[in-house]
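The values are calculated or read from the model by the stated rules, or taken from the named source; none is laboratory data. Keep in mind it's a predicted model, so treat the numbers as computed, not measured. Here the Cβ positions follow ideal geometry from the backbone for every residue, glycine too, while neighbour counts run over all protein chains shown.
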């Protein structure tokens, strides 16, 4: 199975000036665990739920903290044609749970560990 078969095509895109609270609200509303951050200066990055959690855990104010200050710019991208094995390997090596999926035109999806597990487990074995 390929990344294109497992990925979510809901790609939340935010700017670096969004606050962490705004990002969290958008992520919650879209039911996604990560957002692509488009920054004209720094390029494409990713902000995850863990980034927001770490900031709040440090006592930072989510209404004042800009997403750009918590964005990872050293992003590992997946291609739609990668196998799920390749994506899982990249996640394991990098220690992260989301990959932005890029094609020639830009971000087309996001694949998470949960997406991969859902595809690898037979439907009848997943407990609701």
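For the structure I just gave you, tell me whether residue 81 is in contact with a helix residue (DSSP H, G or I) (Cβ under 8 Å, 6 or more places away or on another chain), exposed (fewer than 15 other Cβ atoms within 10 Å of the Cβ) and closer than 28 Å to residue 121 by Cβ. Can you show your working first?
Values: in contact with a helix residue (DSSP H, G or I) (Cβ under 8 Å, 6 or more places away or on another chain): yes; exposed (fewer than 15 other Cβ atoms within 10 Å of the Cβ): yes; closer than 28 Å to residue 121 by Cβ: yes.
For residue 81, the condition - in contact with a helix residue (DSSP H, G or I) (Cβ under 8 Å, 6 or more places away or on another chain), exposed (fewer than 15 other Cβ atoms within 10 Å of the Cβ) and closer than 28 Å to residue 121 by Cβ - is met.
Every residue in the range 92-115 that is in contact with a helix residue (DSSP H, G or I) (Cβ under 7 Å, 6 or more places away or on another chain) and either in a strand (DSSP E or B) or buried (at least 20 other Cβ atoms within 10 Å of the Cβ) (or both), please.
At the first step, the residues of the range 92-115 found to be in contact with a helix residue (DSSP H, G or I) (Cβ under 7 Å, 6 or more places away or on another chain) are 97, 99, 101, 111, 113, 115.
Within the range 92-115, 99, 101, 111, 115 meet the criteria.
Whether any residue in the range 58-65 is within 24 Å of residue 108 (Cβ to Cβ) and buried (at least 17 other Cβ atoms within 10 Å of the Cβ) is what I want to check. Before the answer, list the steps.
Quick first cut of the range 58-65, residues within 24 Å of residue 108 (Cβ to Cβ) only: none.
Looking through the range 58-65, none of the residues is within 24 Å of residue 108 (Cβ to Cβ) and buried (at least 17 other Cβ atoms within 10 Å of the Cβ).
Are any residues in the range 55-91 under 24 Å from residue 19 (Cβ atoms) and in a helix (DSSP H, G or I), and if so, which ones? Lay out the reasoning, then the answer.
Start the filter on the range 55-91 by keeping residues that are under 24 Å from residue 19 (Cβ atoms), which leaves 55-75.
If the condition is that a residue be under 24 Å from residue 19 (Cβ atoms) and in a helix (DSSP H, G or I), then 55, 56, 57, 67, 68, 69 are the ones that fit.
What are the residues in the range 31-48 that are closer than 15 Å to residue 100 by Cβ and without any contact (Cβ under 8 Å) to a residue 24 or more places away in the chain, if any?
none
Could you tell me which residue of the range 16-33 is surrounded by the fewest Cβ atoms within 10 Å (Cβ to Cβ), considering only residues that are at pLDDT 95 or above and not in a helix (DSSP H, G or I)?
The residue in question is 17.
Which one of the conditions (1) surrounded by 12 or more Cβ atoms within 10 Å (Cβ to Cβ); (2) at pLDDT below 95; (3) touching a strand residue (DSSP E or B) at 6+ places or on another chain (Cβ under 7 Å) does residue 9 fail to meet, given that it meets all the rest?
(1)
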